[in-house]
Amino acid sequence: EFSNPRVCPHLRFYAEDNGKSVNQYFEARHWREAAHENDHQQIKLTPMAVIRGQHFYLYKLCLLQNGSACVPYEWFICKGKLHAMTWPVSIAETATLGRGWIVDEFKQFEISEDDFSVSFTGWRSSAATRGLPSPSKIIG
């Protein structure tokens with residue numbers, strides 16, 4: 001049905017957070033929460049988002065406009081904009097693994113599409129990531 005021009009505009013690919021009102025199935029909170037029962041269920045639903053021409057993937061490190069990095073683990077729509085639930089990351093260095101990233105899965109925060117800057121796939125070609133460890137070097 002993706003190629004059907006009458007159907008495709010009506011398909012929903014992301015859960016929507018409309019506060020307390022629920023008029024459609026995709027607005028229901030349980031659609032978002034059900035994905036967390038199985039950590040990798042969300043990646044089957046919407047593994048990627050296109051933001052300003054870049055492909056941002058779930059569970060792949062990315063850089064934000066403020067210079068910090070994060071790992072998105074859920075996409076959803078809120079007030080008409082794409083948002084992600086993300087885990088913060090920090091740079092660490094160990095004697096055996098060298099310099100890399102530590103993902104803090106115990107903290108989470110919501111990020112708007114406006115806050116994303118550099119995707120995992122655009123990391124090497126961006127001047128904003130110079131001096132930072134490779135995004136694939138997750139050490140903890």
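Values quoted throughout were computed directly from the atomic coordinates according to the rules given, and no laboratory measurement underlies them. Values in this document were obtained by computation on a predicted structure and should not be read as measured data. Note that each Cβ is placed from the backbone with ideal geometry, even for glycine, and that neighbours are counted across all protein chains shown.
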Please give me, ordered by residue number, the GluC sites (Glu not before Pro) of region 50-126 that lie in loop per DSSP and have at most 12 other Cβ atoms within 10 Å. GLU105
Inter-site label distance for ASN66 and VAL7 at 7 Å from Cα along Cβ, in nm: 4.3 nm
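Trypsin sites (Lys or Arg not before Pro), restricted to region 51-125: which are DSSP loop and have at most 11 other Cβ atoms within 10 Å?
Values: sites: ARG52, LYS60, LYS79, LYS81, ARG99, LYS107, ARG124; in loops: ARG52, LYS60, LYS79, LYS107, ARG124.
Hits after loop and neighbour filter: ARG52, LYS79, LYS107, ARG124.
Please tell me the relative contact order of region 50-108 in percent, rounded to the nearest whole number, where contacts are Cα pairs under 8 Å and at least six residues apart.
Worked out over region 50-108, it gives 22 percent.
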